[in-house]
Each structure stands twice: as structure tokens, then as C-alpha cells.
Amino acid sequence: MREWRKLVVILVGAVALCTALSLMGGTAKAAGPIIVLDPGHSGTSVTTIDPLTQIKDMEYSNMPEMQNVFIVATYLKAKLQAAGYTVLMTKSAYTDTVIKRTRVDLANNNNAALAVSIHTSGSSFGNWGQIYVQRTDGYREDINGNKVYFNLPAVAALSQQYGQIFLTQRRKIEGSSIVVTVDSSFGSRGLAPGNLPIVQLWSKVPWVYCEAGAISTDAQCQSYALSLYNSIVACVPIQGGATPSPSPATPVRYEQGDGHIAKTGTWNDYNAAGASGGAYGRSSTSGATATITFVGTRLDWIGMEGKTTGIADVYLDGKKITTINLAADSAVYQVDVWSTGTLAYGTHTVKLVRNKSSASGKFLTLDAVDIWGTIS
């Protein structure tokens, strides 16, 4: 209770800070890219049916989270405005009652460069955190049980790229527990079933949805705000408007079991201490395939070579590029088998195919892929 009262005082001080920055010219300076901040939850609980999608929109009060994230958003707004951004907040006070359609309209109508939802939950701050991004397989069900999908591929690709930047920046401050993930628990919480936050589903601009561990101190509020500030600045540089670096300088590794990798044939996981993540995938099915679509500039296929492996054909963007013999005198793990090399930034597809000339029982292997960009 004592910490909660301290945060009430901090909230008043944070709002006063933003007011002071405005009086000193902070708002006047903010003429750069438009960033929308969406501190979560609502002063009172309200349920409506969205007239455009027929999806149940339910907002509810959740203390102390909604107060804490408003403090974070207030600190973040002040930092962004001081840096030259134009910042719009979906709530002017933590007690405001605002439905999701109103939040989304603020971002869409102002053609925001980026919108960020700010939430907390789970375990203690620094030991838990999640990032949700827009995806074309993301959906929510309407009141009749029909799935309404997110259908803006270019926006989804940018949101996914931003999500990886948020992952890198947030881990620097909040720790390695931060992950980019999918939430499919909405239906179990009485919300419209699906796997994508509604604000992201309805948005026409890139939207990143952030969760962090529970906050109990002002220092944690400021750490979360700084974490998000660094992420936003890296995504939308003030000098260059809404265009980020086309792909990260270092790759993101996706393990072979990632749900975005499409496979045909029978694949099994084989545990091996030397494999990336402790296991690699393999298939001896004739013509088995693994297909990876990504947005970025490069992909490296990480595989296993040994006495049990066979021959693979590699396709890039629908064209056969090469045939590779995975055989080796002894088992070798985490081999960089093949790379696309540097490509023009955009959407690319790599397909690995078990060559039918492989001897019976010989495997096509996939341990992981390193992507300079985002898997799609």
C-alpha cells in the first residue's frame, strides 16, 4: 500500500513534468514523426460491439497497472517530445474510459509513424516481458464466430521488424526474459477469441504491443520508459522520419521448431547437445520440404552434417539455386550450410527440399535459420 501511494505522488509529478516541458517549448519543438502512446486499460469497464468489424470491444479497469503504465507513458512522452517527436496519447488521465476503436482512430487518423501499447503483468519487473507484433495470420473472432484477419502485409512486415528492434533494446535494460510472442488466451479471459490484440488488428499503421513485469517503484517506471524510448528512437529515427534501417546489423536466430517455418513430409526433433537450442529437425521423407519466408536482406541455413544425412536442393524466391550434399565423416552441428548472401531488402522465400536421389533413410536437416530481418 505504501508503494502504491508513492506512485500516486509520482504520477502527479510526472504530469507536472510534461506540463512544464510544454511551457518551456517542449511541445513546440515536437514537430517530428508522430508517435501514439497507448497506456492500457480503462477508468471504468465498458463493453461495445464495433460497428465496422462486429468484434466485441471490452475495456476494463485494472489497478494498479493502469496507473503505473500511465506514469510510464507520461515519462516517455516527455522524453520523446524533448527529442523532437510529436506525441499523442490515447488517454489524458489514467482514469479515462476509452474504447479500443477510439484509441486506434487516433493513430489511423493522424497517420502515426508508430503506435505503442504499454502494459504490465506477470512476475516482477525485469523477470518477464512480452512483445506482440502485427501478423497476417493474426485475427479475432466477431460476435458470430467469424475470424477477422489482419490484412495489411506491408504494415505487418514493418511491425515485425520493429518488434525485433524492441526486443534488442528492451533486453538491454529489462533483461533477457523479454520475448516476441503470440497471445492466444483472449477467449479464456472473456474477450473476443483470437491471437492478436484488437488495437493491432484494427490499426492501419505499425503497432507494437508491449507487456512488462509488474511495477512497484518509480525507478522501474523510468526504466520501462527508457527501454521504450530507446526502442522507438531506433525504429523511427528523428532525422529520417518513419523509415528504419532496412534490416538489423546482426541476425536474429529462429529455431527449427518456429511455427512460421512451413514443412511437408514427416519431420522429427532429434536431441543433441551441440545443436542450436539442444535439438535439430530432420526428415527422411522423399521430397520433404522446409519453407521460410522473411522480410529482410539475408538468410543463413543452419544445419547438421554427418553420416546419416543426405542431399538437399535449395530454392530462393522460386528458383533452384544449388544442390548440397550434407554428408560428413562425423556429426557436425550448427553448420552454416548455405547463405542467400546480401539481397535487396524485401520479402524473400527460401525452400529446402530433400533431393529424391538421397539414399533411403538419409535425412534433410534443419537446425535453425539466421535472418537479417524478420521471419514472416
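The values are calculated or read from the model by the stated rules, or taken from the named source; none is laboratory data. The structure displayed is predicted, hence computed values, not measured ones. Quick reminder, even Gly has a Cβ in these numbers, built from the backbone with ideal geometry, and neighbours come from all protein chains shown.
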I'm told residue 135 meets every condition in (1) in contact with a Phe, Trp or Tyr (Cβ under 8 Å, 6 or more places away or on another chain); (2) within 14 Å of residue 34 (Cβ to Cβ); (3) part of a loop (DSSP other than H, G, I, E, B) except one. Can you identify the failing condition by its number? (2)
At least 3 residues that are surrounded by fewer than 16 Cβ atoms within 10 Å (Cβ to Cβ) in each: list the strands (runs of 3 or more DSSP E) lying fully within region 35-110 that qualify. 46-49
Mind listing whichever residues of region 168-206 are part of a helix (DSSP H, G or I) and either in contact (Cβ under 8 Å) with a residue 60 or more places away in the chain or of a type in the set (Lys, Arg) (or both)? 168, 169, 170, 171, 172, 189, 198, 199, 200, 201, 202
Take the residues in region 305-332 that are more than 25 Å from residue 374 (Cβ to Cβ) and hydroxyl-bearing (Ser, Thr, Tyr); name whichever of them is surrounded by the fewest Cβ atoms within 10 Å (Cβ to Cβ). 330
Leading residue by the ranking (surrounded by the fewest Cβ atoms within 10 Å (Cβ to Cβ)) among those in region 139-165 that are modelled with pLDDT under 95 and of a type in the set (A, V, I, L, M, F, W, C): 154
Could you check how many residues of region 164-175 are of a type outside the set (A, V, I, L, M, F, W, C) and within 15 Å of residue 372 (Cβ to Cβ)? 2
